[in-house]
Structures are given as C-alpha cells and as structure tokens.
Amino acid sequence: MRRSSRDKSIQGVCGGIAEFFGISSFSIRLIFILTMPASLIIYIILTNSLDENISL
C-alpha cells in the first residue's frame with residue numbers, strides 16, 4: 001500500500017487506500033470523516049509511514 005500521487009487531496013493517503021482496495025476514494029474519505037477523532041491519528045501515522053507511489 002502506498003500514498004497516491006494522482007488521487008490526493010491532502011497527502012494521498014485516502015487515494016492510496018482506495019487504489020489498494022479498488023474502490024472509490026470518496027468512500028474512503030467519507031469513512032475518515034465519519035470516524036474523525038480516531039481517524040485523524042491514523043491518518044497522521046499513515047502519512048508518515050507510507051511511501052508515495054511514483055507512477056506517471
């Protein structure tokens with residue numbers, strides 16, 4: 001799993017998760033918004049731990 005370089009709003013974490021599972025990035029972003037307090041901590045951890053996908 002990597003951060004997306006094409007589908008990114010802030011850091012590409014949600015886009016990368018969506019590409020990995022083959023689903024819409026909108027649904028991943030919606031899940032992160034609905035579970036906000038816990039998901040913010042998870043988002044920060046994933047931003048720092050995932051590499052960026054460099055695909056042209």
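The values are calculated or read from the model by the stated rules, or taken from the named source; none is laboratory data. No experiment lies behind these values; they were computed from the predicted model shown. Here the Cβ is made from the backbone with ideal geometry for all residues, glycine too, and neighbour counts use every protein chain on show. Remember, those area values only see protein heavy atoms, side chains included, never the ligands or the DNA or RNA. Shrake-Rupley method; radii C 1.70, N 1.55, O 1.52, S 1.80 Å.
From the set of residues in segment 12-52 that are open to solvent by 70 Å² or more (accessible area, probe 1.4 Å) and in contact (Cβ under 8 Å) with a residue 24 or more places away in the chain, which is farthest from the chain's Cα centre (by Cα)?
Checking each candidate, the answer is Asp51.
Mind listing whichever residues of segment 1-11 are charged (D, E, K, R) and touching a residue at least 24 places away in the same chain (Cβ under 8 Å)?
Restricting attention to segment 1-11, the residues satisfying the condition of being charged (D, E, K, R) are 2-3, 6-8.
Across segment 1-11, the qualifying residues are Arg2, Arg3, Arg6.
Checking the structure you have, find out if any residue of segment 3-10 is at pLDDT below 85, touching a Leu at 6+ places or on another chain (Cβ under 7 Å), open to solvent by 80 Å² or more (accessible area, probe 1.4 Å) and not aromatic (Phe, Trp, Tyr).
Pass one, segment 3-10, residues at pLDDT below 85: 3-10.
Now drop any that are not touching a Leu at 6+ places or on another chain (Cβ under 7 Å), which leaves 3.
With the extra rule that they be open to solvent by 80 Å² or more (accessible area, probe 1.4 Å), the set shrinks to none.
No: segment 3-10 contains no residue that is at pLDDT below 85, touching a Leu at 6+ places or on another chain (Cβ under 7 Å), open to solvent by 80 Å² or more (accessible area, probe 1.4 Å) and not aromatic (Phe, Trp, Tyr).
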